[in-house]
1. I'm told VAL354 meets every condition in (1) at pLDDT 95 or above; (2) more than 24 Å from GLU191 (Cα to Cα) except one. Can you identify the failing condition by its number?
2. If you go through the range 70-92 one residue at a time, do you hit one that is of a type in the set (S, T, N, Q), surrounded by 20 or more Cβ atoms within 10 Å (Cβ to Cβ) and not in a strand (DSSP E or B)?
3. Kindly provide the set of residues from the range 72-100 that are small (Gly, Ala, Ser) and within 11 Å of the chain's Cα centre (by Cα), ordered by number.
4. Just give me the residues in the range 110-124 being in contact with a strand residue (DSSP E or B) (Cβ under 9 Å, 6 or more places away or on another chain) and closer than 15 Å to PHE168 by Cβ, in sequence order.
5. Tell me yes or no: at least one residue of the range 129-136 is touching a Lys or Arg at 6+ places or on another chain (Cβ under 7 Å), more than 21 Å from ASP20 (Cβ to Cβ), modelled with pLDDT of 95 or more and of a type in the set (A, V, I, L, M, F, W, C).
6. Determine whether the range 121-133 contains at least one residue that is farther than 28 Å from PHE202 by Cβ, crowded, with 23+ Cβ neighbours inside 10 Å and more than 14 Å from the chain's Cα centre (by Cα).
7. Being β-branched (Val, Ile, Thr) and without any contact (Cβ under 8 Å) to a residue 40 or more places away in the chain narrows it down to one of VAL32, VAL63, VAL48, so name that one.
8. How many residues does the range 26-43 contain that are in contact with a strand residue (DSSP E or B) (Cβ under 8 Å, 6 or more places away or on another chain), closer than 22 Å to GLU369 by Cα and surrounded by fewer than 21 Cβ atoms within 10 Å (Cβ to Cβ)?
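The values are calculated or read from the model by the stated rules, or taken from the named source; none is laboratory data. For clarity, every value in this text was computed on a predicted model and none was experimentally measured. Here Cβ is always computed from backbone atoms with ideal geometry, including for glycine, and neighbour counts include all displayed protein chains.
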Amino acid sequence: MAASSGPTPGALRDPGSFRDRSSHVYHLDGRVLRGLSPEASAAFHRVVESGLWADLEARGSVVRTRELDRPEWPASLLAEGWAAVLEHERVPFVSYPYEWTFEMLRDAALLQLDLLAAALARDLTFKDATPYNFQFLGTRPILIDVPSLEPYRPGSPWVGYRQFTSQFLNPLLLEAYRGIPVGHLLRGHLEGVDPVDCWGAFTARDLLRPGVFKHVFLHAKAEARFVGTDRNVTRELSSAGFAKELILHNLRGIEKVVRGLAPRKKPSVWVGYREGNSYLEEERAAKVEVVTEAVRSLAPRLVWDLGANTGEYSRLAAGAGASVVAMDSDRAAVSRLYLEERQGDGKGILPLVVDLTDPSPGLGWRGRERRAIWERGRPDLVLALALLHHLVLGANLPLAEVVEWLAQVGESLVVEFVDKRDPMSRQLLLNKVDQFPDYTVAEFERLLALHFTIRRRVELKSGDRVLYVCAGRAS
């Protein structure tokens with residue numbers, strides 16, 4: 001039975017939940033609910049009865065989920081005609097694959113392969129294989145799309161193979177072998193990189209590279225051969241008897257390729273920034289004290305660290321119990337933060353590659369399928385340390401608009417003003433005309449006062465940097 005397509009008063013359907021008609025995700029009073037059709041409900045119960053879901057929950061590989069008894073259903077969902085309603089644990093912050101580092105996409109790919117192997121062992125499978133089925137809890141990827149699991153039909157091939165190659169493997173290969181960032185590829189086209197386009201980036205000399213011949217070249221040739229025909233390849237493979245062992249053998253081969261891939265190293269300005277600037281050490285203690293006190297007094301649940309670099313201040317906030325989204329445009333710095341946090345418990349910090357001058361917009365169908373980054377939850381506290389001069393002096397953004405934007409982004413703010421006299425500001429102004437007469441402490445404080453209440457002002461030792469702890473006018 002299909003669910004109605006009309007609006008549901010009370011529960012808001014997630015605008016990105018529509019492609020699979022067997023289930024829809026809803027948001028209600030901070031809760032995440034999912035309606036299941038009779039077919040999806042039967043499949044979910046089969047997964048639960050197999051013991052797979054409990055095993056995966058115990059491993060921390062899937063979102064924690066419970067089925068609601070019918071008396072628990074919100075009234076607005078009763079009218080939708082669903083056979084079952086699930087409630088998922090809420091992810092602190094939703095991210096998308098085009099904001100992940102190479103290593104994050106690789107880890108999600110490895111988890112997808114591992115989950116498929118575990119499912120096949122219980123006569124289950126996945127009907128798709130997209131990174132959008134995963135979210136990160138800190139640095140730990142988890143599966144969030146319950147209905148992607150279904151019973152395995154003997155003789156069936158892995159129907160998600162093409163999607164896996166387009167959205168996982170091909171972007172990883174292109175960054176590893178061609179230096180094209182996975183984020184650029186996945187933001188440019190949500191469906192990923194198809195085999196023909198991927199092969200177009202390679203040459204015959206690349207055929208010996210792991211993964212290229214079998215998963216790019218042969219895949220592209222097969223697609224070119226079948227395009228425009230009415231042949232049902234999946235049905236043909238099923239009729240021929242595509243043994244489960246062949247899928248597992250293919251999975252092991254793909255896993256070996258994925259594990260062996262590494263991003264092409266590119267120079268990073270910020271990875272060694274602190275080590276190369278002795279004046280930072282003199283002022284670091286003051287900045288640490290200001291951030292620590294702000295986090296202690298405000299007790300934020302969600303913190304955004306804008307221009308996080310390798311996450312020094314993100315760790316202060318996470319150490320106080322906050323969920324932190326650490327954003328930076330330097331992929332090497334974000335990768336370093338991810339890898340370091342992954343070595344620990346990895347719970348508190350979600351590192352993302354985000355260019356604040358060109359942040360993730362709304363994408364997909366009607367520009368709402370994948371939400372703009374500012375629409376995914378308002379932080380209680382924003383950290384903007386050593387950032388302002390890069391946005392204004394480096395990227396030529398208007399100072400007044402940057403301050404207004406900071407007020408729109410979050411509730412409270414810790415921000416650093418770096419004067420033009422500072423060595424980093426002088427470096428940003430090299431070889432360009434100084435067209436920033438308004439970039440002064442006085443003007444900045446005037447603009448801050450329009451949107452915030454300044455709770456604390458701390459001038460650092462150099463005299464060229466000032467820290468502000470601010471509360472929004474509504475705070």
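1. Against the list (1) at pLDDT 95 or above; (2) more than 24 Å from GLU191 (Cα to Cα), VAL354 comes up short only on (2).
2. Taking the range 70-92 and keeping what is of a type in the set (S, T, N, Q), we get 76.
Checking which are surrounded by 20 or more Cβ atoms within 10 Å (Cβ to Cβ) leaves us with none.
No: the range 70-92 contains no residue that is of a type in the set (S, T, N, Q), surrounded by 20 or more Cβ atoms within 10 Å (Cβ to Cβ) and not in a strand (DSSP E or B).
3. SER95 - this is the single residue of the range 72-100 that is small (Gly, Ala, Ser) and within 11 Å of the chain's Cα centre (by Cα).
4. Step one: filter the range 110-124 for residues in contact with a strand residue (DSSP E or B) (Cβ under 9 Å, 6 or more places away or on another chain), giving 110-112, 115-116, 118-119, 123-124.
Selection gives LEU110, LEU111, GLN112, LEU115, LEU116.
5. Going through the range 129-136, the residues touching a Lys or Arg at 6+ places or on another chain (Cβ under 7 Å) turn out to be none.
No, every residue in the range 129-136 fails to be touching a Lys or Arg at 6+ places or on another chain (Cβ under 7 Å), more than 21 Å from ASP20 (Cβ to Cβ), modelled with pLDDT of 95 or more and of a type in the set (A, V, I, L, M, F, W, C).
6. Within the range 121-133, not a single residue is farther than 28 Å from PHE202 by Cβ, crowded, with 23+ Cβ neighbours inside 10 Å and more than 14 Å from the chain's Cα centre (by Cα).
7. VAL48
8. 4
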